[in-house]
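What follows is a set of notes on a single structure, which appears directly below.
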Amino acid sequence: MRIDILTLFPSMFDGVFSESIIKRAIDNKLVDINIYNFRDYSKDPHHSVDDTPYGGGAGMVLTCQPIFDAVNDLKKDNSKVILLTPSGVTYKQKLAYDLSKEKHLIIICGHYEGFDERIRTIVDLEISIGDYVLTGGEIASCVLVDSITRLIPGVINEESHINDSFNDNYLLDYPTYTKPADYNGLKVPDILLSGDHKKIDKWRYQKSIEKTKELRPDLLEKDGDNYEVCNKEEK
Ligand code: 6GU
């Protein structure tokens, strides 16, 4: 997969993709991440990318030209153009799965007070990563790239996300333990020491559901992402 990020602050990405799993995915050519400063596309003599809002009001608004030209330059037939904005659809694991199957993502990081409404016409999808306001889309784009890259086949062991991917939905992880089996009287559940992998798998799945019910019941509600998992259990 190729991911192109359009930003006014390329150096915010220094280091983010050069460690751990994402670095390995890049080294193994499973993902190709490119950062573009859309100021470079500005035709303004001063390379300006924003202007005052029509009708008045505070703040500066990102102009159409640099973003239209950047997207035009990078877009292919199979590209999906994403705009990061607090008014987008809330990002969920299901969307991460869907996006991990794409060939090419172009991610536009919004900044300042906002962007010219007409930028929406060249975008396939608007995404927000949660109900709070960030100074710009850069950190949100890192969240997208990380969560999508780990789902690309070959990036991590399939088993590592088989639980969060059940039915394309998201469950909280089951509890895990490592040595020692008894730490100052805090014991590891016997079943994990039993060597019976069928039973362990069942226990883990049950714990995942229990933990989700206890800590994030909203994920299991009728309109939640995991309704089918919940329903399946109750049948
Ligand atoms: Cl994608 N952008 C900004 N500026 N704030 C956000 C966001 C995005 N998602 C949540 N808050």
Checklist outcome for this item: Whole-Hz Karplus couplings 3J(HN,Hα) for segment 27-34, θ = phi - 60° and coefficients 6.51, -1.76, 1.60, Gly and Pro as x, run 4, 7, 6, 8, 9, 10, 10, 10
Checklist outcome for this item: Projected onto the charge dipole of the chain (unit charges on the beta-carbon of Lys, Arg, Asp and Glu, signs +1, +1, -1, -1), the Cα from A58, G195, G15 with the largest positive-side position is that of G195
Checklist outcome for this item: Relative to the chain, whose Cα atoms define the longest principal axis, helix 138-149 and its Cα axis are tilted in degrees, nearest 10, by 50
Checklist entry - Hey, which lysines would be in cross-link range of K179, C-alpha to C-alpha under 19 Å, not counting anything within fewer than 8 residues on its own chain? => result K187
Checklist entry - For segment 11-28 and segment 78-110, what is the separation of their Cα centres, given in Å? => result 19
Checklist entry - What are the residues whose amide H is under 5 Å from the amide H of F115, where those residues sit 5 or more places off or on another chain and H is modelled from the backbone? => result L62
Checklist entry - Once you put a point 7 Å from the Cα of E158 and another 7 Å from the Cα of K43, both along the Cβ direction, what distance in nm separates them? => result 5.0
Checklist outcome for this item: Placing each pseudo-label 7 Å from Cα in the direction of the beta carbon, L125 and Q65 end up separated by a distance in nanometres of 3.2
Checklist entry - Per-residue HN-Hα couplings for segment 2-15, Karplus 6.51 cos²θ - 1.76 cosθ + 1.60 at θ = phi - 60°, whole Hz, x for Gly and Pro? => result 10, 10, 10, 10, 9, 8, 9, 10, x, 6, 5, 8, 4, x
Checklist entry - How about segment 84-155: which chymotrypsin sites (Phe, Trp or Tyr not before Pro) there are in a DSSP loop, with at most 12 other Cβ atoms within 10 Å of their Cβ? => result Y132
Item to check | Distance in nm between pseudo-label sites at I21 and L215 (7 Å out along the Cβ direction from Cα) | outcome: 1.6
Item to check | Positive-end residue of I106, P180, T121, charge dipole of the chain with Cβ unit charges | outcome: P180
Checklist outcome for this item: Measuring from its Cα centre, segment 70-175 shows a charge dipole (+1 at each Lys and Arg Cβ, -1 at each Asp and Glu Cβ) which, in debye to the nearest 20, is 260
Checklist entry - Which loop-located trypsin sites (Lys or Arg not before Pro) does segment 3-102 contain, where loop means any DSSP state but H, G, I, E or B and the Cβ has at most 12 other Cβ atoms within 10 Å? => result K29, K43, K76, K101
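Can you give the charge dipole size of the chain about its Cα centre, rounded to the nearest 20 debye, using +1 on the beta carbon of Lys and Arg and -1 on the beta carbon of Asp and Glu? Mind dumping the intermediate values first?
Details: 29 positive and 40 negative charges, 159 e Å.
Here the chain has a charge dipole of around 760 debye.
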Checklist entry - Which residues' amide hydrogens lie under 5 Å from the amide hydrogen of K80, considering only partners 5 or more residues apart or on another chain, with H built in the peptide plane? => result H104, L105, I106
Item to check | 222 nm mean residue ellipticity, helices alone, for the chain (DSSP H n ≥ 4; -39,500 (n - 2.57); rounded to 500) | outcome: -9000 deg cm²/dmol
Checklist entry - Along the charge dipole of the chain, Cβ charges K/R +1 and D/E -1, which of A70, V155, V133 sits furthest on the positive end? => result V155
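What chymotrypsin sites (Phe, Trp or Tyr not before Pro) does segment 1-84 have in DSSP loop regions with at most 14 other beta carbons within 10 Å? Mind showing how you got there, number by number?
Values: sites: F13, F17, Y36, F38, Y41, Y54, F68; in loops: F17, Y54.
Those satisfying the criteria are Y54.
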Checklist outcome for this item: Residues meeting the amide H criterion for D44 (H placed from the backbone, H to H distance under 5 Å, 5 or more places apart or on another chain) are none
Item to check | Linear extension gain, I139 paired with T90, 0.36 nm per residue minus alpha-carbon span | outcome: 16.1 nm
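Assuming 0.36 nm per residue, please report the length gained on full extension of the stretch D77 to D146 beyond their Cα-Cα distance.
Full extension from D77 to D146 adds 22.4 nm.
FYI, it's all coordinate maths here, none of it is from the lab. Please read all numbers here as calculations on a predicted model, not as lab measurements. As a convention, Cβ positions derive from the backbone with ideal geometry for all residues, glycine included, and neighbour counts pool all protein chains shown.
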